[in-house]
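For reference, the structure is listed below as structure tokens.
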Amino acid sequence: MSVSEGLSFVAPVPDGPWETFLATIDSVERYLGPLARFADTLRRPRRALIVDIPIEMDDGRIAHFEGYRVHHNLARGPGKGGVRYDAAVTLPEVMALAGWMTVKNAAVNLPFGGAKGGIRVDPKQLSRKELERLTRRYTSEIGFLIGPDRDIPAPDVNTDAQVMAWMMDTCSVNSGTSATGMVTGKPVALGGSLGRVDATGRGVHVIGREVARRVGMPLEGARVAVQGVGNVGAVAARLFARSGARIVALQDRGASIVNPEGIDLGAALAHKAASGSLGGCPGSETISAEAFWDVESEVLVPAALEGALTADRAARLRTRMVLEGANGPTTPSADRILGERGIVVVPDVIANAGGVIVSYFEWVQDFNSFFWTEDEVTHRMDHILAGAFEQIWHTADELGVALRTAAFVVACRRVLEAREQRGLYP
Ligand code: GLU
């Protein structure tokens, strides 16, 4: 029984990301044995910072943006997690994303806690110079929370290597050092790691391969539907296609396209780059956003934002496995339906962990100032991810639970064991 009060600073949002995170913690508590005594620590972020970010716009106006950095749990090491720029970012969302980072980092056994940051902004409305000023001011405002042994930011939705370069430079200028270890996902020229850009999508493919092998389904000829063609979805789709799978449906923010014979991925991405959307891509049929969820496939990769896979869509889905490339794409009610329907769901905390694994490699390489080849990075990531998945698969089997529950059990045991060993201070 919980002896803690609820959080006073967030209003509950039914099926919201933070509630989704809490629901999963509730569902695994019974598997934690004596460690369950510490479970409330997972229901409360360690600290949450809200910052005001005033910047001068190109036309001379002063605009204010709201930014966040949340440390969810630091029992196993410094905080680690990305920074997202999105018009819909809220504090509870960033709390949930930080919580998922705690679980993700522990699920693949990285020596990190969980953190996340974000700014409520539509970056497409900003010029490059405005984006740079926004990033630098945000970095300065959260400066006292971050550092190689405190909390290491990285890219997430709508942030990239350039944003990380500005963050790294801001920290370097403010501290009079060359602060390479402050952030990961940097350009290679600034101490970034080879293979980081593709790492998350590559990890999704590794997990697809591992599930397919276990359920006796060849990837060759498998039909794959991908929601989101950003850094994660596009790379995963490319690698599935390279394994002989057929990309039958793609969705971006503006449009959905389908071709049961297989979409020419290169052509679709080139069409999007030229026109701004997948819609009207030659050789594919443009369908409604809702019809995307009815397309028959063997593998579905939601690689966009939270909450995309709702109960209604889960009930209609015709696929064998869902690989969560995005963070939190499946609502708790959808998750239950998918479980009842026997569809294998590989949760975000393992399916998209390739990115943070290579972030870990980048952090290690920066400490040593000794850099690995892309082959080394890719092989080591594959090895860690496949090994972690094996353990989660085994735990799911042993406890007779879904992979999400198993991943959370493995991770929460690690986090709470560290909590127990460290003890409470004072
Ligand atoms: N934003 C990514 C994630 O959600 C990567 C985080 C990192 O590399 O620290 O896993």
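Numerical summary
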| quantity | calculated |
| --- | --- |
| Among residues of the range 300-328, those that are within 12 Å of the ligand (Cβ to nearest atom) and in contact with a Pro (Cβ under 6 Å, 6 or more places away or on another chain), counted | 4 |
| Number of the exception - ASN174 against (1) more than 17 Å from ILE350 (Cβ to Cβ); (2) out of contact with any Gly (no Cβ under 8 Å at 6 or more places or on another chain); (3) more than 13 Å from the ligand (Cβ to nearest atom) | (2) |
| Pairs where the first residue, in the range 345-361, is in contact (Cβ under 8 Å) with a residue 40 or more places away in the chain and open to solvent by 10 Å² or more (accessible area, probe 1.4 Å) and the second is within 8 Å of the ligand (Cβ to nearest atom) and of a type in the set (Asp, Glu), C-beta under 7 Å, 6+ apart | none |
| Candidate set: the range 137-158, residues that are of a type in the set (Val, Ile, Thr) and out of contact with any helix residue (DSSP H, G or I) (no Cβ under 8 Å at 6 or more places or on another chain); chosen: the one nearest to GLY81 (Cα to Cα) | VAL157 |
| Checking ALA406 against (1) free of Cβ contacts under 8 Å to residues at least 60 places away in the same chain; (2) surrounded by fewer than 23 Cβ atoms within 10 Å (Cβ to Cβ), the condition it does not meet | (2) |
| Residues satisfying the stated conditions in the range 131-170, i.e. at positive phi and either free of Cβ contacts under 8 Å to residues at least 40 places away in the same chain or part of a loop (DSSP other than H, G, I, E, B) (or both) | ASN158 |
| Enumeration of residues in the range 303-352 that are of a type in the set (Val, Ile, Thr) and farther than 26 Å from VAL108 by Cα | THR310, THR319, ILE337 |
| Single residue of the range 100-130 satisfying the filter (among the aliphatic types (A, V, I, L, M) and not in a helix (DSSP H, G or I)) that is farthest from LEU145 (Cα to Cα) | LEU126 |
| Some residue of the range 135-145 being within 17 Å of GLY185 (Cβ to Cβ), open to solvent by 10 Å² or more (accessible area, probe 1.4 Å), among the hydrophobic types (A, V, I, L, M, F, W, C) and at pLDDT 95 or above | no |
| Failed item in (1) open to solvent by 10 Å² or more (accessible area, probe 1.4 Å); (2) touching a Phe, Trp or Tyr at 6+ places or on another chain (Cβ under 9 Å), with LEU309 passing the rest | (1) |
| Within the range 278-288, tally of residues that are open to solvent by less than 60 Å² (accessible area, probe 1.4 Å) and in a loop (DSSP other than H, G, I, E, B) | 5 |
| Conditions (1) more than 16 Å from the ligand (Cβ to nearest atom); (2) out of contact with any Phe, Trp or Tyr (no Cβ under 7 Å at 6 or more places or on another chain); (3) within 23 Å of VAL401 (Cβ to Cβ): number failed by THR20 | (1) |
| Test for PRO78: is it open to solvent by 10 Å² or more (accessible area, probe 1.4 Å), within 16 Å of the ligand (Cβ to nearest atom), touching a strand residue (DSSP E or B) at 6+ places or on another chain (Cβ under 7 Å) and under 20 Å from ALA353 (Cβ atoms) | yes |
| Residue tally, condition farther than 17 Å from GLY82 by Cα and in a helix (DSSP H, G or I), over the range 171-182 | 4 |
| Scope the range 48-81; condition in a strand (DSSP E or B), closer than 27 Å to ALA406 by Cα and not aliphatic (A, V, I, L, M); matching residues | HIS71, HIS72, ASN73, GLY79, LYS80, GLY81 |
| Qualifying position, being of a type outside the set (S, T, N, Q), in a helix (DSSP H, G or I) and within 13 Å of the ligand (Cβ to nearest atom), among GLY201, GLY185, GLY208, GLY192 | GLY201 |
| Unique residue being closer than 19 Å to ALA326 by Cβ and either at pLDDT below 95 or open to solvent by less than 10 Å² (accessible area, probe 1.4 Å) (or both) when the list is GLY118, GLY113 | GLY118 |
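Conditions (1) free of Cβ contacts under 8 Å to residues at least 24 places away in the same chain; (2) closer than 20 Å to ALA304 by Cα; (3) more than 16 Å from the ligand (Cβ to nearest atom), marked per residue:
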{"site": "ARG61", "(1), (2), (3)": "yes, no, yes"}
{"site": "MET95", "(1), (2), (3)": "no, yes, no"}
{"site": "THR102", "(1), (2), (3)": "no, no, no"}
{"site": "LYS116", "(1), (2), (3)": "no, yes, no"}
{"site": "VAL121", "(1), (2), (3)": "no, yes, yes"}
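So that you can scan it fast, the table gives a plain yes or no per residue for (1) closer than 30 Å to MET164 by Cα; (2) open to solvent by less than 10 Å² (accessible area, probe 1.4 Å); (3) not β-branched (Val, Ile, Thr):
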residue: ARG336; (1), (2), (3): no, no, yes
residue: GLY339; (1), (2), (3): no, no, yes
residue: ASP366; (1), (2), (3): yes, no, yes
residue: ARG380; (1), (2), (3): yes, no, yes
residue: PHE389; (1), (2), (3): yes, yes, yes
residue: ASP397; (1), (2), (3): no, no, yes
residue: ALA402; (1), (2), (3): no, no, yes
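The values are calculated or read from the model by the stated rules, or taken from the named source; none is laboratory data. Just so you know, these numbers come straight off a predicted model, no measurement behind them. We place every Cβ from the backbone using ideal geometry, glycine too, and count neighbours over all the protein chains shown. For accessibility, only protein heavy atoms count, side chains too; no ligands or nucleic acids. Shrake-Rupley method; radii C 1.70, N 1.55, O 1.52, S 1.80 Å.
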